[in-house]
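Reading through the structure tokens given below for one structure.
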């Protein structure tokens, strides 16, 4: 069963509680900047455990101390679903930077 895409109003409400996250091109997006590569990599490992537990994996890139995360749901046609919101909340909970 496919996940149900969220309405624009619901996405806006969710973003109010997720500092620094934006809605761009049908995804929740945030750039995290750390003190160095080691911190960025440690963050990615922590997020990886959360993502694996949810069986919902982010699209992300890492360059040195910066990690850009993009969340949407493939089985919802590449739209934002509650799964993306929950993973964003978990990512925020393990992040130690703004």
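Looking only at segment 4-23, which residues are under 20 Å from residue 76 (Cα atoms) and free of Cβ contacts under 8 Å to residues at least 24 places away in the same chain?
Answer for segment 4-23, where residues must be under 20 Å from residue 76 (Cα atoms) and free of Cβ contacts under 8 Å to residues at least 24 places away in the same chain: 7, 8, 9, 10, 12, 13, 15, 22.
Inside segment 3-22, can you point out the residues that are assigned to a loop (DSSP other than H, G, I, E, B) and exposed (fewer than 11 other Cβ atoms within 10 Å of the Cβ)? Before you say what the answer is, go through the steps one by one.
Quick first cut of segment 3-22, residues assigned to a loop (DSSP other than H, G, I, E, B) only: 3-7, 17-21.
Scanning segment 3-22 gives 7, 19.
Condition first: assigned to a strand (DSSP E or B) and either under 12 Å from residue 95 (Cα atoms) or without any contact (Cβ under 8 Å) to a residue 12 or more places away in the chain (or both). Now tell me which residues in segment 26-46 satisfy that. Write out each step before concluding.
Keep residues of segment 26-46 that are assigned to a strand (DSSP E or B), which gives 27-33.
The answer is 30, 31, 32, 33.
Taking segment 23-49 as the search range and keeping residues that are touching a helix residue (DSSP H, G or I) at 6+ places or on another chain (Cβ under 7 Å) and surrounded by fewer than 18 Cβ atoms within 10 Å (Cβ to Cβ), which one is nearest to residue 69 (Cα to Cα)?
Per the criteria, the residue is 23.
Can you name every residue in segment 72-98 that is within 23 Å of residue 37 (Cβ to Cβ) and either modelled with pLDDT under 95 or not in a helix (DSSP H, G or I) (or both)?
Residues satisfying the conditions are 95, 96, 97, 98.
Go through segment 52-64 residue by residue and tally those that are over 15 Å from residue 27 (Cβ atoms) and either touching a strand residue (DSSP E or B) at 6+ places or on another chain (Cβ under 6 Å) or not in a loop (DSSP other than H, G, I, E, B) (or both). If you could, list the steps in order and put the result at the bottom.
Narrowing segment 52-64 to residues over 15 Å from residue 27 (Cβ atoms): 52-55, 62-64.
Adding the requirement that they be either touching a strand residue (DSSP E or B) at 6+ places or on another chain (Cβ under 6 Å) or not in a loop (DSSP other than H, G, I, E, B) (or both) leaves 52-54, 62-63.
Within segment 52-64, residues that are over 15 Å from residue 27 (Cβ atoms) and either touching a strand residue (DSSP E or B) at 6+ places or on another chain (Cβ under 6 Å) or not in a loop (DSSP other than H, G, I, E, B) (or both) number 5.
The values are calculated or read from the model by the stated rules, or taken from the named source; none is laboratory data. From a predicted model like this one, the values you see are computed outputs, not experimental measurements. Note that each Cβ is placed from the backbone with ideal geometry, even for glycine, and that neighbours are counted across all protein chains shown.
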